[in-house]
1. Apply the a/c threshold of 1.5 to the C-alpha gyration tensor of the chain and tell me whether it is rounded, prolate or oblate.
2. Assuming a strict under-16 Å limit between Cα atoms, what lysine pair count do you get for the chain once near-sequence pairs (fewer than 8 apart, same chain) are dropped?
3. Answer rounded, prolate or oblate for the stretch 1-84, using the Cα gyration tensor with square roots of eigenvalues a ≥ b ≥ c: rounded when a/c is under 1.5, else prolate when a/b is larger than b/c, else oblate.
4. Where does the chain land at 222 nm, in deg cm²/dmol rounded to the nearest 500, when only DSSP H runs of n ≥ 4 count, each adding -39500 (n - 2.57), divided by all residues?
5. Shape call for the stretch 145-189 from the C-alpha gyration tensor, a ≥ b ≥ c root eigenvalues: rounded (a/c under 1.5), prolate (a/b greater than b/c) or oblate?
6. Could you compute the FRET efficiency for F62 and R178, with r as their C-beta to C-beta distance and R0 at 22 Å, rounded to 0.05?
7. Are there trypsin sites (Lys or Arg not before Pro) in the stretch 31-60 that DSSP marks as loop and that have at most 15 other Cβ atoms within 10 Å, and which are they?
8. Could you check what % of the DSSP bridge pairs in the stretch 25-157 are antiparallel, to the nearest 5?
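Computed from the coordinates by the stated procedures, all read-outs in this text should not be read as laboratory data. Source: prediction; values computed, not measured. Counting neighbours? That spans all protein chains shown, and the Cβs are built from the backbone with ideal geometry, glycine included.
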Amino acid sequence: MVKIGVLGLQGAIPEHIRSVQTTGVEGIIIKRKEQLDEIDGLILPGGESTTMRRLIDKYDFFDALVTFGNRGKPIFGTCAGLILLANQIIGQDHAHLSLMDMKVERNAFGRQRESFEAELEIKNVAEDFEAIFIRAPSIESVGPDVEVLATYHDKIVAARQGHYLCSAFHPELTDDHRLTEYFVKMVKS
Ligand code: GLN
């Protein structure tokens, strides 16, 4: 059976596990880098990207995560996870995993709108996806190999680059599991 891990250092972990299980595959919380060898794909959950980065370093995950991606294993970053995947972060000198060629802006929707819901069209996934944004980032620009999957008010909020997928919103917080299912299909193929 296909096994999908959820990086279990911080953030919306059980919600992703539940969403993965709903699609009929196994969901595993990843707390040690050695566990990466047991899984076929990985979700980087939402949370707080700087905190998550600190924990990635503390538990010696950094190189193992980059290697996992470089070996062609699919990774899906949501919200803070999207920030971890980007190779440029506006206002910061250093990015994190730098696995996707895109420039991201943290907290892109302003303080007045800490969290909100919006119906999105997501290419190849859904025409009416109810997306929950929580202190969400946006993707300001993407490189030539990145496919834009969804926009909201002219900001890019979902994208794919080969075996990497990301969303600025939280697909695990509703009962609509179509984006998780799309990732599961990427892992299976
Ligand atoms: N604003 C957070 C960050 O910069 C992301 C928020 C989220 O993951 N819900 O990491």
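1. Values: a/c = 1.42, a/b = 1.13, b/c = 1.25.
It comes out rounded by the Cα gyration axes.
2. Here the count comes out as 13.
3. On the way: a/c = 1.71, a/b = 1.22, b/c = 1.41.
Oblate, because a/c is 1.5 or more while a/b does not exceed b/c.
4. On the way: 5 runs with 46 residues, N = 189.
That comes out to -7000 deg cm²/dmol.
5. Values: a/c = 2.78, a/b = 1.11, b/c = 2.52.
Cα axes put the stretch 145-189 in the oblate bin.
6. Numbers: r = 31 Å, r/R0 = 1.42.
Efficiency for this residue pair is about 0.10.
7. Working: sites: K31, R32, K33, R53, R54, K58; in loops: K31, R32.
Here the sparse-neighbourhood loop sites are K31, R32.
8. Values: 14 of 20 bridges.
Within the stretch 25-157, antiparallel bridges account for around 70 percent of the total.
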